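Accompanying notes for the structure given below.
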Amino acid sequence: MFVNFKLDEVKLTDQTFACRRALVKSYISEFNVDRLMHNFKINAGIPSNAEPLGGWEDGECGLRGHFVGHFLSACAKFAFADQDGLLKSKASAIVDIMELCAKPSGYLSAFEEEKLDILEFEENRKVWAPYYTLHKIMQGLVDCYSYLGNSKSLQLAVNLALYIYRRFEKLSYWKIDGILRCTKLNPVNEFGGIGDTIYTLYDLTGDDRLFQLANKFDRMYFVDTLEAGHDILEDLHANTHLPMVIAAMHRFSISGETKYKEMAINFYHFLQGRTFANGNSSSKATAYIQGSVSEKSEHWGGFGKLGDALTGGESESCCAHNTEKILERLLEWSGAVEYLEHLETLKYNAVLNSASAKTGLSQYHQPLGHCAIKKFSEPYNSFWCCTASGIEAMSEIQKNIWFKSEGTILLNAFISSTVIWREQKAVISQTSEFPNNPTSRLVIEVTEPTSFKLLLKRQAIKGIKINGTPIDVMEHNGYIIVEHTYNNRDIVDIDIHADLKRVPLQGSEDISAVMYGNILLAQVGHQRIQEDITDSNLLEKFIQLPTVDLAFSVEGHREMKFIPLYRVEEEEYTVYSDWTGQAIQHGRCSL
């Protein structure tokens, strides 16, 4: 029903999202391609004197090459959105090196082909997620074609996919099931979103072999059980299975097989029971065993049972990015306003929050307990999965602010931005300082009087004026609908409604976070909670400070300061607190 505008149709003009986007763009613009592609060359037998990268791109790491795929995707998206010739050339240079490194069979990677032999022999031991890395490489190539029209990158992606197709042709049903069954804790055979990418290649080429191959990554232990309405998420690795949902939704769009739609809808319901106040999920597994699985794991626990999930390793950033993709597709199916609410919550509190305001680089986990500290990746020595997905997220951070359908534009977030609505021959510029100031102004630019509908979420609106005059609006299914004929430079002023609200931690009602509208707040520092503050009178005691940037203190305890979580950089902070006065024991300090 509602779809995103293209990346080149929305330009950020704010001081927060645009700044972090610019930091990442600068990072990848300055990144040395020879260092980036070193492992690809070495694996292909091509000499390289470049200084190797560290972390998960080290020459001995099983995931080496994964960052390169995300890097290529980010290059393509930045270049397309900004018409940036430098980044387009950089993307082309990466593709040219990949062409040199590709084998005649189509195999292309920074690790040895033999790793796939080991995976087939051992099924889930001694190798680290080779198909996960191949997915990132393949998706980067697909994005380079989709955004920049690089036909060479499409051919390399198709060749790699057909290479995988030929490998799978030789394997039995049960061997494939063993390779792709990711039900163990911390599964080393995780395969990422390769099914979704191969479905995209099918969309682009119509090659039935690619549709058949993508089908193999739709695992029935996951799809069929969820389609039947059974909650099987407990103890599954979160970011292994979120991409499987995306692939299933893509399959439905191609084939119309309703089981894949039902599976995704049921999955989302079960996911909500494992979601934190920041809109994201993942925490420790219920089946955690001391000494064998990290307490700071990346799994799902029981439905509605997050009481012991604040280990400091919760809320993996990759999960936020993939949850966004699921919500975008759910919104296309139904237009339900709750998906928009979740998207806005994620955007501020998990996607934006994942990135450093100083470097743009990403957190791996986003801790939400007491006295947490953000840890961001280093420029050349981390390359976690979330470093990689993080730079790509910043390359498309302008999405999910504006949506459109025929004759209708939907404003989802009050973030200063300009949208080019080509179908209506209109340009709409939004100026807003939310959440610091609860107002937004839209300036409509048209060449002739133009009629269209403007939709906004009902609970976010106090009032609307057009050219200074209050207007009557229609309400339907949680939306406010403004239907008007606009002249050039007409002005729409919006009074934003945002209240403080307490959000309990699921499964532990005494522990809660505080939100201002859909903005998650964090207490900075570690001031002690006093006995006169309880969960029943908490919000009454919040006082908004007379500062430019949104901040609150607590009546009688002005040293207790709350700011939006995404503004925290180096300070110790607390999101979830036990307002009964008993501290959560996870973290570096106690309250």
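Here are a few things to note about the model shown:
- Residue list for region 562-591, filter: part of a strand (DSSP E or B) and either out of contact with any Ser or Thr (no Cβ under 8 Å at 6 or more places or on another chain) or modelled with pLDDT under 95 (or both): 563, 564, 573, 574, 577, 578
- Listed conditions (1) crowded, with 24+ Cβ neighbours inside 10 Å; (2) of a type in the set (Val, Ile, Thr); (3) touching a strand residue (DSSP E or B) at 6+ places or on another chain (Cβ under 7 Å) are all met by residue 408, apart from (1).
- Residue 498, sole failed condition from (1) closer than 18 Å to residue 337 by Cβ; (2) not in a loop (DSSP other than H, G, I, E, B): (2)
- Of all the numbered requirements in (1) acidic (Asp, Glu); (2) more than 13 Å from residue 247 (Cβ to Cβ); (3) assigned to a helix (DSSP H, G or I), residue 112 misses one, and that requirement is (3).
- Residue list for region 218-234, filter: assigned to a loop (DSSP other than H, G, I, E, B) and either charged (D, E, K, R) or surrounded by 14 or more Cβ atoms within 10 Å (Cβ to Cβ) (or both): 218, 219, 231, 232, 233, 234
- Residues satisfying the criterion are absent from region 298-305 (criterion: basic (Lys, Arg), part of a helix (DSSP H, G or I) and closer than 28 Å to residue 231 by Cβ).
A quick yes/no check of all residues on (1) without any contact (Cβ under 8 Å) to a residue 24 or more places away in the chain; (2) crowded, with 23+ Cβ neighbours inside 10 Å; (3) of a type outside the set (A, V, I, L, M, F, W, C); (4) touching an Asp or Glu at 6+ places or on another chain (Cβ under 8 Å):
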site	(1), (2), (3), (4)
135	no, yes, yes, no
138	no, yes, no, no
149	yes, no, yes, no
157	no, yes, no, no
187	no, no, yes, no
206	yes, no, yes, no
212	no, no, yes, no
216	no, no, yes, no
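- Matching residues in region 431-440 - criterion: being surrounded by 15 or more Cβ atoms within 10 Å (Cβ to Cβ), free of Cβ contacts under 8 Å to residues at least 60 places away in the same chain and not hydroxyl-bearing (Ser, Thr, Tyr): 433
- Pair list, Cβ < 8 Å and 6+ apart or interchain, from region 87-108 residues that are closer than 15 Å to residue 134 by Cα to residues that are assigned to a loop (DSSP other than H, G, I, E, B) and polar (S, T, N, Q): 95/150
- Any hit, region 474-483, residues being modelled with pLDDT of 95 or more and in a loop (DSSP other than H, G, I, E, B): yes
- Under the condition of being without any contact (Cβ under 8 Å) to a residue 24 or more places away in the chain and touching a Phe, Trp or Tyr at 6+ places or on another chain (Cβ under 6 Å), the residues counted in region 386-430 number 0.
- Evaluating residue 425 against the criteria (1) more than 30 Å from residue 305 (Cβ to Cβ); (2) of a type in the set (Lys, Arg); (3) surrounded by 15 or more Cβ atoms within 10 Å (Cβ to Cβ) leaves one unmet condition, (3).
Residues checked against (1) among the hydroxyl-bearing types (Ser, Thr, Tyr); (2) touching a strand residue (DSSP E or B) at 6+ places or on another chain (Cβ under 8 Å); (3) at negative phi:
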site	(1), (2), (3)
352	no, no, yes
356	yes, yes, yes
362	yes, yes, yes
370	no, yes, yes
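- Single match in 420, 401 (criterion: in contact with a strand residue (DSSP E or B) (Cβ under 7 Å, 6 or more places away or on another chain) and crowded, with 24+ Cβ neighbours inside 10 Å): 401
- Conditions (1) part of a helix (DSSP H, G or I); (2) closer than 13 Å to residue 141 by Cα: number failed by residue 42: (2)
- In region 72-108, the residues that are in a helix (DSSP H, G or I) and acidic (Asp, Glu): 82, 96, 99
- Some residue of region 297-312 being surrounded by 24 or more Cβ atoms within 10 Å (Cβ to Cβ), closer than 30 Å to residue 33 by Cα and either at pLDDT below 95 or in contact with a strand residue (DSSP E or B) (Cβ under 6 Å, 6 or more places away or on another chain) (or both): no
- Some residue of region 164-179 being assigned to a helix (DSSP H, G or I), touching a residue at least 12 places away in the same chain (Cβ under 8 Å), under 28 Å from residue 220 (Cβ atoms) and within 26 Å of the chain's Cα centre (by Cα): no
Per-residue answers, yes or no, for (1) surrounded by fewer than 23 Cβ atoms within 10 Å (Cβ to Cβ); (2) at pLDDT below 95; (3) under 26 Å from the mean Cα position of the chain (by Cα):
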site	(1), (2), (3)
2	yes, no, yes
18	yes, no, yes
40	no, no, no
48	yes, no, no
55	yes, no, yes
58	yes, no, yes
62	yes, no, yes
91	no, no, yes
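- Residue within region 362-385 that is in contact (Cβ under 8 Å) with a residue 60 or more places away in the chain, more than 23 Å from residue 440 (Cβ to Cβ) and among the charged types (D, E, K, R) present: yes
The values are calculated or read from the model by the stated rules, or taken from the named source; none is laboratory data. These figures come from a predicted structure and were not determined experimentally. Cβ atoms come from the backbone with ideal geometry, glycine included; neighbour counts cover every protein chain shown.
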